[in-house]
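J.: The structure is given below, and queries will be raised subsequently.
The values are calculated or read from the model by the stated rules, or taken from the named source; none is laboratory data. If you're wondering where the values come from, they're calculated on a predicted model, not measured in any experiment. All Cβ positions, even for glycine, are placed from backbone atoms using ideal geometry, and neighbour counts span all protein chains on display.
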């Protein structure tokens, strides 16, 4: 399909697409929190710090209900740039893909049924150890239980996430594991110097090269949780890690603890690949030989400024937007022009409420 590009291992990517085309999909949406997001200027959500703790819960509620219960409106900037949950919701509904929400340390519990991993939010890595190591191991263990159950019930499991400030903790893990990476941002002016300084400060506390020590010191609860889900789900089904930087960190941690790269791809948007301040493709090549599937969305052609902003460097990805869009196209055969039309219609609905 011309609307899905394969980067990296193209043969594996084509084989993966053939295996899942027109098959059954399931979306696992993992929500979490790191106090690192409260560092001023590190995330676009920081413009309204009081709402940071509601972001992940609100994304989950919007996907399920079409509106939010924890806050009055969906996460959106004052000038109309919407959460990527908008793209995800459209893709899931267009393809009738069911969703399970996994609460992996969200500061606010969404008002809907969740798979509860009983984890605490991560601390600010610039100031202190992010997670107790016992919690990291618990996240992996509980994630493995969830992954085994979800993986056995579908032909392809899509795993997405929502965690404000997560690119910084992901950078910490990647750097701690010896991977040279420049991570993406939800803003056109990527605060790379702030992220790098935060990570440098946090990494000084690490005394070993043990991956559990690294995640404990500089990570967040989402990454070990998704690594656990991935490790068992991929034994019985195909897995799309839906995202960019954070999923590269998941992959790096999973591989460092024995993951064999079976039945797995990364699925993302073209806006992550086009980000000149990041290097997702090179980062993944340092970790693994798995393919990257890219949804070539057409938001630049939208008549709505808030949607065009994605192609102008804002937001870019999140909430599994790229992976769910790829799944939608492979299951239904609809193209990105149709997805754009449906997205504009949904944007109109939410802004007229």
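J.: Tally up the residues in the range 134-154 that are surrounded by fewer than 16 Cβ atoms within 10 Å (Cβ to Cβ) and either modelled with pLDDT under 95 or in a loop (DSSP other than H, G, I, E, B) (or both), please.
T.: 2
J.: Name the pairs: first residue in the range 194-207 and in contact (Cβ under 8 Å) with a residue 24 or more places away in the chain and at negative phi, second residue assigned to a loop (DSSP other than H, G, I, E, B) and surrounded by fewer than 14 Cβ atoms within 10 Å (Cβ to Cβ), Cβ to Cβ under 6 Å, at least 6 apart or on different chains?
T.: Note: pairs meeting the criteria are 194/41.
J.: Could you pull out the residue among 33, 65 that is farther than 30 Å from residue 172 by Cα and either in contact with a strand residue (DSSP E or B) (Cβ under 9 Å, 6 or more places away or on another chain) or modelled with pLDDT of 95 or more (or both)?
T.: Of 33, 65, the one residue that is farther than 30 Å from residue 172 by Cα and either in contact with a strand residue (DSSP E or B) (Cβ under 9 Å, 6 or more places away or on another chain) or modelled with pLDDT of 95 or more (or both) is 65.
J.: Still on this structure, please answer the following. For the range 119-131, enumerate the residues that are in contact with a helix residue (DSSP H, G or I) (Cβ under 7 Å, 6 or more places away or on another chain) and either assigned to a loop (DSSP other than H, G, I, E, B) or free of Cβ contacts under 8 Å to residues at least 24 places away in the same chain (or both).
T.: 119, 120, 121, 123, 124, 125, 126, 129, 130, 131
J.: What are the residue pairs meeting all of these: first residue in the range 24-42, first residue surrounded by fewer than 21 Cβ atoms within 10 Å (Cβ to Cβ), second residue assigned to a strand (DSSP E or B), Cβ atoms under 6 Å, and 6 or more apart or on different chains?
T.: Listed pairs, sorted by first residue: 26/157.
J.: Quick one: in the range 75-101, of everything that is in a loop (DSSP other than H, G, I, E, B) and within 22 Å of residue 271 (Cα to Cα), which residue is modelled with the highest pLDDT?
T.: The residue in question is 84.
J.: Between a first residue in the range 153-171 that is on the phi > 0 side of the Ramachandran plot and a second residue that is surrounded by 24 or more Cβ atoms within 10 Å (Cβ to Cβ) and in a helix (DSSP H, G or I), which pairs have beta carbons less than 7 Å apart while being 6 or more apart in sequence or on different chains?
T.: Filtered contacts from the range 153-171: 165/36; 165/37.
J.: Looking only at the range 179-187, decide whether some residue is under 13 Å from the mean Cα position of the chain (by Cα) and not in a loop (DSSP other than H, G, I, E, B).
T.: no
J.: Then there is this: With 315, 319 as the choices, which residue is modelled with pLDDT under 95, part of a loop (DSSP other than H, G, I, E, B), in contact with a helix residue (DSSP H, G or I) (Cβ under 8 Å, 6 or more places away or on another chain) and under 12 Å from residue 86 (Cβ atoms)?
T.: 315
J.: Scan the range 174-186 and give yes if some residue there is closer than 23 Å to residue 60 by Cβ, at pLDDT 95 or above, crowded, with 24+ Cβ neighbours inside 10 Å and touching a helix residue (DSSP H, G or I) at 6+ places or on another chain (Cβ under 6 Å), otherwise no.
T.: Within the range 174-186 (the criterion being closer than 23 Å to residue 60 by Cβ, at pLDDT 95 or above, crowded, with 24+ Cβ neighbours inside 10 Å and touching a helix residue (DSSP H, G or I) at 6+ places or on another chain (Cβ under 6 Å)), the answer is no, since none of the residues qualifies.
J.: Something else: Quick test of your reading of the structure: residue 210 fulfils all but one of (1) over 30 Å from residue 311 (Cα atoms); (2) crowded, with 16+ Cβ neighbours inside 10 Å; (3) out of contact with any strand residue (DSSP E or B) (no Cβ under 9 Å at 6 or more places or on another chain). Name the failing condition by number.
T.: For residue 210, the failing item is (2).
J.: So, one more: Pull up the range 295-312, narrow it to residues that are surrounded by 23 or more Cβ atoms within 10 Å (Cβ to Cβ) and in a helix (DSSP H, G or I), then point me to the one that is modelled with the lowest pLDDT.
T.: Applying the filter and picking the extreme gives 310.
J.: Among the numbered conditions (1) in contact with a helix residue (DSSP H, G or I) (Cβ under 6 Å, 6 or more places away or on another chain); (2) within 24 Å of residue 56 (Cα to Cα); (3) free of Cβ contacts under 8 Å to residues at least 60 places away in the same chain, tell me where residue 149 comes up short.
T.: Evaluating residue 149 over (1) in contact with a helix residue (DSSP H, G or I) (Cβ under 6 Å, 6 or more places away or on another chain); (2) within 24 Å of residue 56 (Cα to Cα); (3) free of Cβ contacts under 8 Å to residues at least 60 places away in the same chain leaves (1) as the failure.
J.: Identify, from the list 315, 281, 319, the residue that is in contact with a strand residue (DSSP E or B) (Cβ under 6 Å, 6 or more places away or on another chain) and closer than 25 Å to residue 98 by Cα.
T.: Result of the check over 315, 281, 319: 319.
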